[in-house]
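Peer 1: Have a look at this one.
Bear in mind that the values in this text are calculations on the coordinates, not laboratory data. Values in this document were obtained by computation on a predicted structure and should not be read as measured data. For neighbour counting, all protein chains shown are included, and Cβ atoms are generated from backbone atoms with ideal geometry for every residue, glycine included.
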Amino acid sequence: MRVLITGGAGFIGSHLAEALLARGDEVAVIDDLSTGCFENIQPLVGKPGFHFAIDTITHELVMDRLTSECDVIVHLAAAVGVELIIHDPVRTIETNVLGTHAVLQVAARYRKKVLLASTSEIYGKSNAIPFREDADRVLGPTTKSRWSYSDSKAIDEFLGLAYHKKHGLPVIICRFFNTVGPRQTGQYGMVIPRFVQQALRGDSITVYGDGSQSRCFCNVRDTVRALLLLIECPEAVGEVFNVGSTEEVTILELARQVLHLVTGERQPQATERLVFVPYAQAYEPGFEDMQRRVPDVGKLKRFTGWEAQLSLRETLQQVIEYYQLKRMSK
Ligand code: UDP
């Protein structure tokens, strides 16, 4: 198979590229390195079947050529990370909406299958836990920029489904829940790389709010496995899938676990090492967080047999090891 990965130098994209090459597929990556990082794909450069273009997905000539040469597009290029979204809402909306529009247009020209990355932010602050793909969305006002991410991705979904309906384009939508693993950067606010780096530096762990909010963290290898299964599932076309773990943890408990794994102490001087940062200070005044976010992954399992295999503990160990090695190589 020849797979075009937009955003392929990003965290999920680079893991996907690696997995595809390992099983003998061809991979072309397009990435403008805005949040992706060349270091992520450096080890793949020169490998048979690997090609890359440092360019934007709205560059039509380049996308036209890459699309004509591939069998399937995995569209991961997007503005992600709550911090980035709050601080750069124009970029978020433009990248997500215009970028996806450009990808779908050219995909339709060549009738190529598109796996479109969406997000659990789609559900907003709904408390219909666990979230099912057909659940209602509950969002805050447009004056709170966090919600622009959810709506920009919802437009992407609508557009993808519309291309499927109107033009018969094979589109599959994947709503990623919190995805973590080696190579994810804390630069755009993601909690696990931030906590791990803080713990390794001996700094305080910045728990936002009171830490009672919870998330389910899915190992990127499990996420990649889900993508590979969906690509090969003909019934998945025209459908929306949650992709995530159901192992729920509060952010406070997560901070304790990271400290425990890094320091080895059973009950680390937990409270001393934690600092509680009000949301208004961490993000912006009036910021609204989701209290809980848990996927219902029954549909993905029914269609593909997928189940998450890696526990949060294993994932944390992998991330800690990754950052330990990075620190040593500096
Ligand atoms: N968070 C935190 N400290 C940090 C970064 C994030 O307590 O240094 C919290 C954040 O407020 C949220 C959770 O961790 O409740 C997950 O944040 P992340 O940005 O990783 O993903 P989100 O679920 O918000 O998309």
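Peer 1: Would you mind telling me which residue in GLN281, GLN317, GLN105 has the biggest mean-square fluctuation in a Gaussian network model of the chain, where springs connect alpha carbons within a distance under 10 angstrom?
Peer 2: In this elastic network of the chain, the residue with the biggest mean-square fluctuation among GLN281, GLN317, GLN105 is GLN281.
Peer 1: Quick check: the angle from helix 220-231's long axis to the longest principal axis of the chain, C-alpha only, nearest 10 degrees?
Peer 2: Roughly 20 degrees between the two axes.
Peer 1: Hey, in the GNM for the chain with a 10 angstrom Cα cutoff, which one of THR271, THR100, THR58 fluctuates hardest?
Peer 2: Sorting by GNM fluctuation, first place goes to THR271.
Peer 1: R0 = 35 Å: FRET efficiency of ASP64 with ASP88, Cβ-based, nearest 0.05? Write down the numbers at each step before the final one.
Peer 2: Details: r = 28 Å, r/R0 = 0.81.
Computed FRET efficiency for ASP64 and ASP88 comes out at 0.80.
Peer 1: Against the longest principal axis of the chain, how steep is helix 251-263, in degrees 0 to 90 to the nearest 10, with axes from Cα atoms?
Peer 2: 80
Peer 1: What does the helix-only formula give at 222 nm for the chain: each DSSP H stretch with n ≥ 4 adding -39500 (n - 2.57), the total divided by the residues, and the result rounded to the nearest 500 deg cm²/dmol?
Peer 2: Numbers: 14 runs with 138 residues, N = 330.
When only DSSP H runs of four or more count, the value is -12000 deg cm²/dmol.
Peer 1: I would also like to ask the following. Provide the descending list of Cα extents for the chain along its principal axes, expressed in whole angstroms.
Peer 2: Principal extents (Cα only, largest first): 58, 45, 38 Å.
Peer 1: Oh, and also: Cα to Cα, under 17 Å, and not fewer than 8 places away if on the same chain: which aspartates and glutamates meet these conditions relative to LYS330?
Peer 2: GLU39, GLU321
Peer 1: Let me ask something additional. Relative to the first principal axis of the alpha-carbon coordinates of the chain, what is the inclination of helix 146-167, with its axis defined by its Cα atoms, in degrees from 0 to 90 and to the nearest 10?
Peer 2: 20
Peer 1: Compute a Gaussian network model of the chain, connecting alpha carbons closer than 10 Å, and tell me which residue from ARG313, ARG132, ARG183 fluctuates the most.
Peer 2: Answer for the Gaussian network model of the chain: ARG313.
Peer 1: Which value, to two decimals, describes the C-alpha radius of gyration of the stretch 68-193 once divided by 2.2 N^0.38 Å?
Peer 2: Against the compact-globule rule of thumb, the ratio is 1.09.
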